[in-house]
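Novice: Questions regarding the structure given below will be posed in turn.
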Amino acid sequence: MIREFLLKDLDTVMKIWLDTNINAHDFISEDFWIKNFDLVKEILPKSEVYVYELENKIQGFVGISDGYIAGIFVSDDMRSKGIGKLLLGKCKDKYKNLSLSVYEKNKRAIEFYKREGFIIKKEQLDENTCEKEYYMVWSE
């Protein structure tokens, strides 16, 4: 079930955020994610966030702002079970146009977004990590 984020979800969501970023971005220092943890924890409750819950346990979430997907995060043991697709579907239901940035080295994510109809619009550099990323878009 997908529902709106509640403040009581914060610790669980942040654990998924940290674990997923460290595991999916092995080309970025783990310290980068740890240093940004408190900032994200402060910003996240003020954002548009939806969580995927299974048997009363949060297994993933998506953060979105005006059609820009800040990220889709799924707990490690629940990856490749359709949760990311369901969370993305929630975004597609809410917005006619979506965009996001994904690291060039995150091949798994790029292939997922391509399968879901996103196209790469441009290459850019993430100034925080100095990693190349793709800006991708989707339209209804």
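Novice: What dipole magnitude, in Debye to the nearest 20, does the chain give about its Cα centre under +1 on Lys/Arg Cβ and -1 on Asp/Glu Cβ? Please list the in-between numbers first.
Specialist: Working: 22 positive and 25 negative charges, 114 e Å.
For this selection, approximately 540 debye.
Novice: Only helical DSSP H runs with n ≥ 4 go in: add -39500 (n - 2.57) per run for the chain, normalise by residue count and round the 222 nm mean residue ellipticity to 500 deg cm²/dmol. Let's see the in-between values first.
Specialist: On the way: 4 runs with 50 residues, N = 140.
Estimated from H runs of four or more residues: -11000 deg cm²/dmol.
Novice: Which whole-number percent gives the relative contact order of the chain, counting Cα pairs below 8 Å spaced six or more residues apart? Show your work: numbers first, answer last.
Specialist: On the way: 209 pairs, mean separation 27.7, N = 140.
This gives 20 percent for the chain.
Novice: Could you go through region 96-101 in sequence order and give the Karplus-derived ³J(HN,Hα) for each residue, using 6.51 cos²θ - 1.76 cosθ + 1.60 with θ = phi - 60°, rounded to whole Hz, and x for Gly and Pro?
Specialist: Calculated HN-Hα couplings, in order: 7, 10, 10, 9, 6, 10 Hz.
All of the numbers you see were taken from the coordinates with simple rules; none came from a lab. Because the structure is predicted, anything quoted here is derived from the model rather than measured. Neighbour counts are summed over all protein chains in view; Cβ atoms, including those assigned to glycine, are modelled from backbone coordinates with ideal geometry.
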